[in-house]
Amino acid sequence: MTPTVKTTLNSRTHSWATPTTPPAELSGLEFLQALIDGTIPPPPIAATLGFTLVHVEPGVAIFEGETGEHQYNPLGSVHGGYYATLLDSALGCAVMSRLPAGRGYTTTQLGVHMVRPAFAHTGILRCEAKAVHVGRTVATAEARLVGANDGKLYAHGTTTCAIFSIAP
């Protein structure tokens, strides 16, 4: 016999601006800095999942995301897909920060290693990514996902990205 579970419905709302693609005249670093400065609106996924780009420099991107129950998997911890999304975002932006105007990227491989669960009370997760290699057609990067409050490692990952022209 299946036990009866009392549930309480919660809700979460968010809004977002119309998505903006990088203008061909901006370098990756210039575009990402404009996101941080607020002159270009963040991508919709940032509002949906509750994370933001907080720092960028050539070859480095740092994101922060607040954990919450809305990210829980059936086991009652933050879903691994949230970890993967934070890692993929930071890794890709670390690569993007090294791209000249008119060049774009897409993830072709994402490796994620989760080492500890996060919960709603974990608070802010900070994802720090660094580009390892950015060539003409391929780039790689590595990142660590750590608790901003406890300094613990929650996950780490790597990416391979394809580099391509976005100029008309």
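The values are calculated or read from the model by the stated rules, or taken from the named source; none is laboratory data. Please read these numbers as outputs of a predicted model, since none were measured by experiment. Cβ sites come from the backbone with ideal geometry, for glycine too, and all protein chains shown count toward neighbours. Note: accessible area is taken over every heavy atom of the protein model, side chains too, but ligands, DNA and RNA are not part of it. Shrake-Rupley method; radii C 1.70, N 1.55, O 1.52, S 1.80 Å.
Tabulated results
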quantity: I40 vs. criteria crowded, with 18+ Cβ neighbours inside 10 Å and free of Cβ contacts under 8 Å to residues at least 24 places away in the same chain; calculated: yes
quantity: Output for segment 52-97, where each listed residue is surrounded by 22 or more Cβ atoms within 10 Å (Cβ to Cβ), more than 18 Å from T160 (Cα to Cα) and in contact (Cβ under 8 Å) with a residue 60 or more places away in the chain; calculated: F63, G65
quantity: Residues (touching a helix residue (DSSP H, G or I) at 6+ places or on another chain (Cβ under 9 Å) and at pLDDT below 90) located in segment 22-33; calculated: P22, P23
quantity: Identity of the residue in segment 132-158, open to solvent by less than 20 Å² (accessible area, probe 1.4 Å), touching a Gly at 6+ places or on another chain (Cβ under 7 Å) and touching a residue at least 60 places away in the same chain (Cβ under 8 Å), that ends up nearest to A94 (Cα to Cα); calculated: G157
quantity: Segment 24-37, residues that are open to solvent by less than 60 Å² (accessible area, probe 1.4 Å) and within 17 Å of the chain's Cα centre (by Cα); calculated: G28, L29, F31, L32, A34, L35, I36
quantity: T122 open to solvent by 40 Å² or more (accessible area, probe 1.4 Å) and of a type in the set (S, T, N, Q); calculated: no
